[in-house]
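Shown next, in structure tokens, is the structure this report addresses.
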Amino acid sequence: MDSGGPFIIIDRVSKTYPGGQAALRDVSLTVSRGETVVVIGPSGSGKSTLLRSICGLEEVDSGSITIEGQTVTENPRLRDLMRPELGMVFQSFNLFPHLTVMKNLTLAPIRVRGLAREAAEAAAAGLLAKVGLADKAEAHPSQLSGGQQQRVAIARALAMNPKVMLFDEPTSALDPEMIGEVLAVMKDLSNEGATMVVVTHEIGFAKEAGDTLIFMDEGEIVERGPARDFFNHPSTDRAIQFLDKIIS
Ligand SMILES: Nc1ncnc2c1ncn2[C@@H]1O[C@H](COP(=O)(O)OP(=O)(O)OP(=O)(O)O)[C@@H](O)[C@H]1O
Ligand SMILES: [Mg+2]
């Protein structure tokens, strides 16, 4: 669902890691409030760098990133202030292994948002129910399946009540039978109007939930448009070659 209004404006961003090739070359992208943008492209094309730059985990060399009217690339303080508003979910779930699921979900809301424990726990219980894990609050991450851990990771990101959710290949480390349960949670979020940027090669998800698809190669956005159009009629050789490889 794209309910209008630019929310993230990425304007001509470039980034080269020290000693490496350009990871992002003059990338421009606007994400509207309520929009789900799906990012696909070959390994090394800059997808993770793009997400990490949006959430301030990487500094860009040139260009600007503006989130809700704040140009975060200009001002490290603004970037730090914005970080809690950006929920990030990684391929490896990065849960705190020594903490229960409940503590994983309440730690940042209590410490960063200043929520009272009771309020944080009530919100966390609601989120666990939403991702289908109401009965796992007292479990430790090692007692959960990969799919369950990833759903906890999504709930943990949501517990901060972020303005944007950024997903970096959230299902690529999962066994096939667990991918669907994680994608279902993400589809719900998208349908509820969350603003999301999702790096994934799950074509079904991209077609059903993606408002816009961008295809990246060698640090550039090579194609952009409705996801269905991209899969039915890729317009560049680079995209055709890539799709040949992933749909085999
Ligand atoms: N921390 C880093 N230091 C140096 N080079 C890096 C670093 N992270 C990424 N790169 C390089 O930047 C380019 C883009 O990497 P990036 O991780 O953004 O690609 P990706 O599209 O996410 O790939 P994948 O599909 O494998 O996750 C690659 O050439 C990569 O080698
Ligand atoms: Mg990556």
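The values are calculated or read from the model by the stated rules, or taken from the named source; none is laboratory data. These numbers were taken from a predicted model, which means no experiment stands behind them. Cβ coordinates were reconstructed from backbone atoms using ideal geometry, including for glycine residues, and neighbour counts include every protein chain displayed. Just so you know, the surface numbers come from the protein's heavy atoms only, side chains and all, with ligands and any DNA or RNA stripped out. Shrake-Rupley method; radii C 1.70, N 1.55, O 1.52, S 1.80 Å.
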Kyte-Doolittle mean at least -0.5, axial Cα span of 20 Å or more - DSSP H helices of the chain: 176-191
Charge dipole magnitude, Cβ of K and R +1, D and E -1 - the chain, Cα centre, debye nearest 20: 640
For the stretch 1-132, convex hull of alpha carbons as volume per residue, Å³: 156
Accessible-area value, His233, 1.4 Å probe, nucleic acids and ligands omitted, Å²: 130
The stretch 153-217 and the stretch 15-53: distance between their alpha carbon centers, rounded to Å: 16
Dmax and Rg, reported as Rg then Dmax, of the stretch 30-101 (C-alpha, Å): 14.1, 41
Å² of accessible area per residue within the chain, as computed with a 1.4 Å probe and no ligands counted: 46
For Thr30, distant residues with modelled amide H under 5 Å away: Ile10
In order through the stretch 213-223: 3J(HN,Hα) via Karplus (6.51 cos²θ - 1.76 cosθ + 1.60), integer Hz, x for Gly, Pro: 10, 10, 10, 10, 8, 6, x, 10, 7, 8, 9
At 1.567 mPa s and 4 °C, Stokes diffusion of the chain via Kirkwood alpha-carbon radius, µm² per second: 70
Sequence-distant residues sharing a close amide H with Asp61 (under 5 Å, placed H): Ser14, Lys15, Thr16
Viscosity 0.890 mPa s, 25 °C: Kirkwood-radius Stokes-Einstein D of the stretch 158-248 over Cα pairs, µm²/s: 173
Relative contact order, percent, the stretch 91-248 [alpha-carbon distance under 8 Å, six or more residues apart]: 18
10 °C / 1.306 mPa s Stokes-Einstein diffusion coefficient of the stretch 157-204, Kirkwood radius on C-alpha pairs, µm²/s: 139
Leu213 long-range amide H proximity, modeled H, under 5 Å: Val38, Gly225, Ala227
